[in-house]
1. Please list, or write none, the lysines whose alpha carbon is within less than 30 Å of the alpha carbon of residue 112, excluding same-chain residues fewer than 8 places away.
2. Using a probe radius of 1.4 Å on heavy atoms only, what accessible surface per residue do you get for the stretch 37-116? Whole Å² is fine.
3. Could you work out the local net charge near residue 106, counting Lys and Arg as +1, Asp and Glu as -1, over the other residues with Cβ closer than 14 Å to its Cβ?
4. Order 69-81, 50-62 from most to least packed using the mean count of other Cβ atoms within 10 Å.
5. Provide, for q = 0.12, 0.14, 0.22, 0.26 Å⁻¹, the log10 of I(q)/I(0) from a solvent-free Debye sum over equal Cα point scatterers in the stretch 53-116.
6. Express in Å², to the nearest 10, the accessible area of residue 110 obtained by rolling a 1.4 Å probe over the protein heavy atoms while all chains stay in place.
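The values are calculated or read from the model by the stated rules, or taken from the named source; none is laboratory data. What you see is a predicted model; the values in this text were computed from it and never measured. Quick reminder, even Gly has a Cβ in these numbers, built from the backbone with ideal geometry, and neighbours come from all protein chains shown. These accessible areas exclude ligands, DNA and RNA; they are computed on the full protein's heavy atoms, side chains included. Shrake-Rupley method; radii C 1.70, N 1.55, O 1.52, S 1.80 Å.
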Amino acid sequence: MPRADLRPGRGLPYESYESYDGGMASIQHEPVPVTQARTHLPELVNRAYYKGEITAIKRGSRGKPIAAVVPWALVELLEALEDRIDARDAEKVLARIKRGEEATVPADAVWKDLGL
């Protein structure tokens, strides 16, 4: 796979891709400075959509990654994982309440404490 050449005046190598099916995504090149990512955003989006590539974006030439262009399937996966974690945590609290280890607080009391 050719590496990205994001120097001014050069683009990312473009190939004919099939649509990404949600399998394993991969980071294909070094983090891209935000200024170059802005210039090549359509190409980065195509790589995420068609090949499942993750492109890390950094500030400046020496900066650490601050953002990424990722396939939407990864965003959905992250949301699903967060939902599972939240559900598991809620089940633990409900179990403690059921065992009498934790008390409930009426919603009106919470709203009053918050000044709502």
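1. 92, 98
2. I get 78 Å² per residue for the stretch 37-116.
3. Working: positive: 112; negative: 108, 113.
After counting each charged neighbour, the total is -1.
4. Per-residue Cβ counts within 10 Å, averaged per peptide and sorted highest first, yield 50-62, 69-81.
5. Taken in order of the listed q values, log10 I(q)/I(0) reads -0.65, -0.73, -0.95, -1.06.
6. About 60 Å², ignoring ligands and nucleic acids.
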